[in-house]
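Derivation of every value follows stated rules applied to the coordinates shown; laboratory data play no part. Just so it is clear, the model here is predicted, and its values are computed rather than measured. Every residue, glycine as well, gets a Cβ built from its backbone with ideal geometry; the counts of neighbours run over all protein chains shown.
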Amino acid sequence: MKYLRVLIALAGIALLVGIMTAGATVRWRQDPGVSAYGLSTDTKPTTDQGGRALPAGTIFTETDTGKQWIYTGAAWTLKSTGAASDTLTIRAPGYGPAIATAGYSEATFGVKVTNANTSATFRFLGKMTGLDWASLDAENDSTVVTGNSTVYRSFSFPAGLDSIKTQFLSEAGGTDATPTLKTKLSNPAK
């Protein structure tokens with residue numbers, strides 16, 4: 001009878017825990033606060049399961065897409081594999097996604113504009129935790145890409161740079177620029 005009461009109590013606890021976690025798909029790996037996983041539709045956490053702020057460098061893996069995100073201490077940025085990023089087409093001036101630069105010291109941006117009578121202006125940005133986004137190019141703050149051409153820009157950056165992204169500033173000419181952007185990180189830190 002004593003064992004039956006223990007089993008019933010344990011079953012009740014398991015049911016209560018199941019009810020409390022229903023719908024929560026974010027799970028933590030062995031080292032809480034260092035690595036979590038869940039679906040791409042899940043809200044990425046900013047605190048660990050104990051309610052403490054996540055440390056910079058925490059990794060979140062989307063189990064349905066395989067994408068990994070790195071927490072900078074302020075925001076989640078897509079972790080680069082060192083291969084070219086997914087192709088991104090921007091339909092209107094704005095920003096491309098932030099790409100985490102952890103472990104790399106160089107980036108190459110490729111921008112292609114396919115419409116013949118159009119040009120587009122871009123800026124390539126970097127960010128450190130606690131600071132605003134700034135141009136990676138001190139001499140030439142923006143780059144103009146004319147229709148039916150591709151421009152590549154490469155930058156070396158200091159340790160501590162958390163993220164990079166492309167900003168589509170403007171377009172000129174008679175047709176929609178519809179630029180395609182790619183970014184590749186290289187020169188892994190030793």
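Taking the Kirkwood radius as Rh and the Cα radius of gyration as Rg, region 79-188 has a ratio of Rg/Rh equal to 0.97. With both labels modelled 7 Å from their Cα along Cα-to-Cβ, the D176 to T150 distance reads 2.2 nm.
If Lys and Arg each add +1 and Asp and Glu each add -1, what is the summed charge of the other residues whose beta carbon sits under 11 Å from the beta carbon of L125? Don't jump to the answer; show the numbers that get you there.
On the way: positive: R123, K127, K165; negative: D132, D137, D141.
Net local charge, L125 excluded: 0.
Less than 5 angstrom separates the built amide H of I90 from those of L181, all sequence-distant by 5 or more or on a different chain. Close amide-amide hydrogen proximity is noted between N115 and N148, each under 5 Å apart and 5 or more residues distant or on a separate chain (H modeled in the peptide plane; Pro and chain starts excluded).
Provide the packing ranking of 47-60, 111-124, 151-164, i.e. peptides ordered by the mean count of other C-beta atoms within 10 Å per residue, highest first. List each step's numbers first, then the result.
Details: 47-60: 13.9, 111-124: 19.4, 151-164: 15.4.
Highest to lowest by the protection proxy: 111-124, 151-164, 47-60.
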